[in-house]
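A short write-up of the structure that comes next.
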Amino acid sequence: MKRVDDFRLRFGKKELVPIVIGGMGVDISTAELALEAARLGGVGHISDAMVNTVADRRFNAKFVKDKLKQYKFNVANTDKSMVKFDLDQLVEATKMHVGRTMEAKRGDGLIFVNCMEKLTMNAPRETLRVRMHAALDAGIDGITLAAGLHLGSFALIEDHPRFRDAKLGIIVSSLRALQLFLRKTARTNRLPDYVVVEGPLAGGHLGFGMDWADYDLSTIVTEIQRFLLAEKLDIPLIPAGGVFTGSDAVAFLEKGAAAVQVATRFTVARECGLPEDVQQKYFLASEDQIEVNQISPTGYPMRMLSNSPAIGDGIRPNCEAYGYLLDSNGCCSYITAYNREVEANPGVKRLSVKDKTCLCTQMRNFDLWTCGHNTYRLKDTTRKLDDGSYQLLSAEHIFRDYQFSTDNVIALPE
Ligand SMILES: Cc1cc2nc3c(=O)[nH]c(=O)nc-3n(C[C@H](O)[C@H](O)[C@H](O)COP(=O)(O)O)c2cc1C
């Protein structure tokens, strides 16, 4: 019987344990978590979502305070179009976050950054360009392009000296999305180094509509494999979403996947960025508490725990401090929903906004508990302690369980 460790993820001459820990913004997949994956010979992700906030937290910087100071006059204004990111500060924050992580890297593995196109930051092209260039400058091993179609992203870094040496990958949820990407980026003469195929059971935003339950990962992977074979394209495929045990992973590896990308199991690792009380909520979750809804202003369905404090919360938009979801016109669907409620409920102090959420503030405060479909199984991966809480795990324990387990067995911690 095979184990994950019987396979290797190959990038040229480099051989890795075929386990990729997926990006989880905002700083849920911390540098510490990614560093563990790299130390153990796999691939870890940091995320550049809300990088100014993350750099402030990690390094005691003041990027958010500075931005708020600059735009404080606009806080009560419904028009957020003038609230722009200072690109130099964005570069500095990204270089701090990525650079310090890369300096700390040990072991044979790699560290990639998850870069979401949907963080349009009131200047989509310029901010994405700056984020990717700064990450490459700071020595990141690779960039995983996520949440968006990224049809123009390769072109934005074509002029970077590391364009052909850094690993560049994309996340897709359908063959169609992959075909579109390949067609649109053909001009750069550069194929992605890997393609993460994310199915409907993943955490975070989904690349499906509300009919997500009609799809399944293995079918999509097979479809993409057939296409690549027919086109004679040799691109490593990395299935993601619902791979909960080493045996789940082996099933994909045996069918030709290059690696698997996993995340949910690591949300209860000590190195994960979620506060411990939130991690206990993940352990406690039952299957019927895990929902996919449309409250994210990105327009993509998102999976989360139904007891997330963010759901129905009506806080004032905080774009002067954050503003990562402002589109190129300075709009965000949460602002529209919030303003509608303000108008309908004059004088009411604590509003409730049911249809959308202020994703920036809620993610920053760890009040939106996004999670994978299998979160309800996390309680079976650890021990219950005498005080009724669940024991957190080390990332190494989870990683090695994926790497060496057989027969769908999950090793409990010491
Ligand atoms: C808490 C959480 C946050 C996530 N955030 C992101 C994100 O910011 N960007 C992204 O591309 N994927 C995100 N994902 C998706 C993961 O990177 C990964 O592809 C997927 O969840 C793997 O499936 P699994 O969770 O069933 O193992 C997130 C997943 C989780 C569980």
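The values are calculated or read from the model by the stated rules, or taken from the named source; none is laboratory data. Worth saying up front: this structure is predicted, and the values here are computed from it rather than measured. Quick reminder, even Gly has a Cβ in these numbers, built from the backbone with ideal geometry, and neighbours come from all protein chains shown.
What residue, among those in the stretch 120-140 that are part of a loop (DSSP other than H, G, I, E, B) and over 19 Å from the mean Cα position of the chain (by Cα), is nearest to residue 42 (Cα to Cα)?
Per the stated criteria, the residue is 139.
Filter the stretch 206-246 down to the residues that are in contact with a helix residue (DSSP H, G or I) (Cβ under 7 Å, 6 or more places away or on another chain) and more than 16 Å from the ligand (Cβ to nearest atom), then identify the one that is nearest to residue 401 (Cα to Cα).
Among those residues, the one meeting the criterion is 235.
Return yes or no: is residue 154 outside any helix (DSSP H, G or I), modelled with pLDDT of 95 or more, out of contact with any Cys (no Cβ under 7 Å at 6 or more places or on another chain) and aromatic (Phe, Trp, Tyr)?
no
Can you give me the ranges of the helices (runs of 4 or more DSSP H) entirely in the stretch 297-414 with at least 3 residues that are within 15 Å of the ligand (Cβ to nearest atom), surrounded by 14 or more Cβ atoms within 10 Å (Cβ to Cβ) and touching a residue at least 60 places away in the same chain (Cβ under 8 Å)?
359-364, 395-404
Could you tell me whether residue 2 is part of a loop (DSSP other than H, G, I, E, B), away from the ligand (no atom under 16 Å from the Cβ) and in contact (Cβ under 8 Å) with a residue 12 or more places away in the chain? Talk me through it step by step, then tell me what you get.
On the way: part of a loop (DSSP other than H, G, I, E, B): yes; away from the ligand (no atom under 16 Å from the Cβ): yes; in contact (Cβ under 8 Å) with a residue 12 or more places away in the chain: yes.
So residue 2 passes the test.
Any residue at all in the stretch 59-80 that is modelled with pLDDT of 95 or more and within 30 Å of residue 265 (Cα to Cα)?
For the stretch 59-80, residues modelled with pLDDT of 95 or more and within 30 Å of residue 265 (Cα to Cα): present.
Name, by its number, the condition in (1) assigned to a helix (DSSP H, G or I); (2) within 11 Å of the ligand (Cβ to nearest atom); (3) over 16 Å from the mean Cα position of the chain (by Cα) that does not hold for residue 253.
Of the numbered conditions (1) assigned to a helix (DSSP H, G or I); (2) within 11 Å of the ligand (Cβ to nearest atom); (3) over 16 Å from the mean Cα position of the chain (by Cα), the odd one out for residue 253 is (2).
Which of the numbered conditions does residue 302 fail, given that it passes all the others? Conditions: (1) touching a Cys at 6+ places or on another chain (Cβ under 8 Å); (2) within 30 Å of residue 280 (Cβ to Cβ); (3) not acidic (Asp, Glu).
Every listed condition holds for residue 302 apart from (1).
Could you check the stretch 120-149 and list, in sequence order, the residues that are at pLDDT 95 or above, surrounded by fewer than 23 Cβ atoms within 10 Å (Cβ to Cβ) and small (Gly, Ala, Ser)?
Hits for the stretch 120-149 are 123, 138, 139, 142.
Here are the criteria: (1) more than 22 Å from the chain's Cα centre (by Cα); (2) surrounded by fewer than 21 Cβ atoms within 10 Å (Cβ to Cβ). Tell me which single one residue 281 does not satisfy.
The single condition residue 281 does not satisfy is (1).
Report yes if residue 5 is of a type in the set (Asp, Glu), more than 30 Å from residue 405 (Cβ to Cβ) and either surrounded by 24 or more Cβ atoms within 10 Å (Cβ to Cβ) or more than 16 Å from the chain's Cα centre (by Cα) (or both), otherwise no.
In short, no.
Could you list, in sequence order, all residues of the stretch 180-205 that are within 16 Å of the ligand (Cβ to nearest atom) and either assigned to a loop (DSSP other than H, G, I, E, B) or surrounded by fewer than 17 Cβ atoms within 10 Å (Cβ to Cβ) (or both)? Steps first, answer last, please.
Initial filter on the stretch 180-205 (within 16 Å of the ligand (Cβ to nearest atom)): 181, 192, 194-205.
Listed by number, the residues that qualify are 192, 199, 200, 201, 202, 203.
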